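For reference, the structure discussed in these notes is given below.
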Amino acid sequence: MENNAKKLIDELREENLGWCTGEKSRDALRIIRENIFNDKTHFILELMQNADDCNSEVVEFNLSKDKLIVINYGKPFTESNVRALSHLGRSDKGEDHIGFFGIGFKSVFQVTPAPEIHSGDYHFRYDDQNLIAPEWIDNPEWKPTTGTVFVIPFKNKEQNFKHIGKQLESFHGSVLLFLKKVKEIRLKDVTFRL
């Protein structure tokens, strides 16, 4: 199955790289990177919503000096999920899910040059110049048997670490009231439960 996953990632990269390098699309990608999500920590809410959408009851945030690792234990990515994430304005979420025109995940580019996604047979990253052209990761460090691991290496390690750490420390468990499936959020030494 991993061969099929790699084949899909390679196919999407080839298809989308051409689009990403055009002048008009570069401008659109820049606008998304710089203006759509001004809050550098908005992506945290997006990843919690992603966990809820894939029926995870737990979301875990592991912050280190150079990256944030977000783990959910829901359904792993499908081909449809990967295709939707590799496009702008496309979502494979049903009417019962919240979505933002297929660009919510792109908010991670406020803090990272290359987010990684490890889910099922899929191990890939995007880069901040080609937001929709995935790149396969050979020999991945993470191989979750359930759910998804997002690895978010920081652009500005010290600034991002402080800013995200402050946001996570001030995090309030009441966000659980707005999620349908997630019942527990783990942050370092703190756990919020519904």
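The values are calculated or read from the model by the stated rules, or taken from the named source; none is laboratory data. All figures in this text were calculated on a predicted structure; none of them were measured in a lab. Glycine also receives a Cβ, built like all others from the backbone with ideal geometry; neighbour counts cover every protein chain displayed. Quick note on the areas: whole protein, heavy atoms, side chains included, nothing else; ligands and nucleic acids left out. Shrake-Rupley method; radii C 1.70, N 1.55, O 1.52, S 1.80 Å.
Which distance in nm do the two modelled labels at Lys65 and Lys183 give, with both placed 7 Å along the Cα-to-Cβ direction?
Once both label points are built, they end up 3.8 nm from each other.
For the peptides 159-169, 42-52, what is the packing order when you average, over each peptide's residues, the other Cβ atoms within 10 Å and list the highest mean first?
Order by mean packing, descending: 42-52, 159-169.
What spacing in nm lies between the two simple spin-label points modelled at Thr146 and His163, each 7 Å away from Cα in the Cβ direction?
Here the modelled spin labels are 3.5 nm apart.
May I ask you to rank Tyr126, Tyr73 by accessible area, largest first, using a 1.4 Å probe over the protein chains only?
From most accessible down to least: Tyr73, Tyr126.
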